[in-house]
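> This structure is in structure tokens; I'll ask about it shortly.
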Amino acid sequence: MKHWTKIAAAAAATALIGSAAIAEGLFAPNLSYRTGPFAATGIPLMNGQKDYMAMLNARDGGIGGAPIDFAECETGYSTQKGVECYEKTKGEAIVTQPWSTGITLQVLPKTNVDNIPILAPGYGFSPMMDGKTFQWAFNTPSGYWDGADMIVQYLESQGDLSGKKIAFLHLDHPYGKEPIPIFEQLAAEKGFEFTPIPVGLKEMQNQSAQWLQIRRMRPDNVIMWGWGAMNAGAITEAVKTKYPMDQFIGVWWSGHDADLALVGDAGKGYKSISWSFPNLDAPVMADIKKHVVDAGLSDSNETEMNGVFYARGIIISAILSEGIAAAQAEYGTAEINAEQLRWGLENINMTEERIAELGLDGMVPPFSTSCANHTGHSGGWMLEWNGTGFDKVSDHMTPNVDGYRALAAEKAAEYATANAPWPTNDACDAES
């Protein structure tokens, strides 16, 4: 039997949205990147996001009776185009989804003026975890500093890190530089040698210089913060140079099935920390097939839909839809505005029970947000490439947020001072 709480919530939603037939809908644009050097990773993510929203529209008439207009504005991952898309879509939008740390940093100060929430799941400026300072920005369910901390936790579980050498192969872009402060802090605390190795945008497909440095350095581990063509270039170069794949770990954006499929069995042992997982038996997958794929509404394909990134796109749209639903229930209206959605995104409670109700079993760890906590810090799992796909090879891991809470507060204060006058939400209580 369904939980009585779910029945009560559904009845309440039906009562408060009795005019669903005349609902105009909710505009939730996505600043997509289906073109350019990062398209290979962007396409499955965008398809997963889009298909989940299309499923809600077809199955449920949207969220709370309001259909979702999930229009895309193509950026090609260009910061300039991203800002143009933000300006073009912000008028009627209840949210902006920048899909680039560079774009996020550019629109971050604008959102204080425009009063529109940024939803940047698993990316963006890590101190956005401080909701009091960054009242309009959300990087749920897990931030880059969370990922860096969990990777080091995993490596430490394999043995003492004191005296070890760790190379950090990263895109020379705000995204790739974002976790460096945490790695430097952890290196000082745990006694390992940390060496950043940047990869320029023009070097993504030819990393011979970087891998020559890695061969000479002979690191105990390589951590990768790559994206798009950089991931495929690094993985193929690692195989070519015979670097031990079981010593190679990427962030969640460096765990794309298609990149590993290029090397197949030779990539066995490569790992990626992840806050999402593709459970093909999850009920949501059957609903998407029935209402979207079989109806000819999907741009995806079977291979892509079996992968990590398509499933992550589903989770991202599920997070947004939960924020929308929370706001609708709080304000008693289907057609919420951007300010109301901010409240909703601050009151997400993805318990194991709720994850099961949404049909997302095993696809995302539980997490919750609040006024002060805009990340949720869900943690995740370490995934390992088995030659044809990724397997979970760890229990649910959680970041040691207390280890960098002070640094987050320091960086948030620095940002606010540099961008003064910077409004903060003083109604938020500090969180432990």
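Values quoted throughout were computed directly from the atomic coordinates according to the rules given, and no laboratory measurement underlies them. No experiment lies behind these values; they were computed from the predicted model shown. So basically every Cβ, Gly included, is an ideal-geometry build from the backbone, and we count neighbours across all protein chains shown.
> Listed highest first by mean packing, meaning other Cβ atoms within 10 Å per residue, what order do 410-419, 33-42 come in?
Highest to lowest by the protection proxy: 33-42, 410-419.
> Going by amide H atoms built from the backbone, whose H comes under 5 Å of the H on GLU72, apart from near neighbours?
Those qualifying (amide H under 5 Å, at least 5 residues apart or on another chain) are ASN30.
> Cut-off 16 Å, label point 7 angstrom out along Cα-to-Cβ of LYS88: give me the residues of the stretch 28-46 whose amide nitrogen falls inside.
Inside the label zone: 28-36.
> Could you tell me what percent of the DSSP beta bridges with both partners in the stretch 145-274 are antiparallel, to the nearest 5?
If we restrict to bridges inside the stretch 145-274, about 0 percent are antiparallel.
> Under a plain spin-label model, where a point goes 7 Å from the Cα along Cα-to-Cβ, how far apart in nm are LYS290 and GLU156?
4.6 nm
> Now for a different question. So who's got an amide H within less than 5 Å of the one on GLU193, skipping anything under 5 residues away but keeping other chains? H placed 1.01 Å off N, in plane.
GLY163, LYS164, LYS165, ILE166
> Also, I was wondering about something else. How long are the semi-axes of the equivalent ellipsoid of the stretch 287-419, taking √(5λ) for every eigenvalue λ of the Cα gyration tensor, in whole Å from largest down?
Calculated on Cα positions only, the semi-axes equal 29, 24, 14 Å.
> Taking θ = phi - 60°, what integer Hz values does the Karplus form 6.51 cos²θ - 1.76 cosθ + 1.60 yield along the stretch 290-307, in sequence order, with x for Gly and Pro?
With the stated coefficients, the stretch 290-307 comes to 5, 8, 10, 5, 5, 8, x, 9, 9, 9, 8, 8, 4, 4, 4, 5, 7, x Hz.
> Starting at the first residue of the stretch 352-363, write each ³J(HN,Hα) from the Karplus equation 6.51 cos²θ - 1.76 cosθ + 1.60 with θ = phi - 60°, in whole Hz, x for Gly and Pro.
4, 5, 5, 4, 5, 4, 7, x, 9, 3, x, 9
> With N denoting the number of residues in the stretch 145-274, provide Rg(C-alpha) divided by 2.2 N^0.38 Å, to two decimal places.
0.95
> OK, next. Skipping prolines and chain starts, which residues have an amide H placed within reach, meaning under 5 Å, of the one on THR35, given they are 5 or more residues away or on another chain?
Under 5 Å from the amide H of THR35 lie the amide H atoms of GLY76, each far enough along the sequence or on another chain.
> Could you list, by residue number, the cysteines of the chain that have no other cysteine's beta carbon within less than 4.7 Å of their beta carbon?
When partners are defined as cysteine Cβ atoms under 4.7 Å apart, the chain leaves no cysteine without one.
> May I ask you to evaluate 6.51 cos²θ - 1.76 cosθ + 1.60, the Karplus curve with θ = phi - 60°, for each residue of the stretch 334-339 and list the ³J(HN,Hα) values in order in whole Hz, giving x for glycine and proline?
Whole-Hz 3J(HN,Hα) from phi for the stretch 334-339: 6, 8, 5, 9, 5, 5.
> Of (i) 140, 27, 19; (ii) 34, 25, 20; (iii) 62, 38, 20, which is the value of semi-axes √(5λ) of the Cα gyration tensor in Å derived from the coordinates here?
Matching the structure shown: (ii).
> Oh, and also: Once you order the gyration tensor axes a ≥ b ≥ c over the Cα atoms, which shape class does the stretch 107-203 get: rounded for a/c under 1.5, otherwise prolate or oblate by comparing a/b with b/c?
Prolate.
> Another question about this same structure. Only counting other Cβ atoms within 10 Å, I'd like LEU105, LEU155 sorted with the fewest neighbours first.
In increasing order of surrounding Cβ atoms, one gets LEU105, LEU155.
> Continuing with the same structure: Under a point spin-label approximation (7 Å from Cα along Cα-to-Cβ), what is the LEU280-ALA420 distance to one decimal in nm?
Label-label distance for LEU280 and ALA420, simple model: 5.7 nm.
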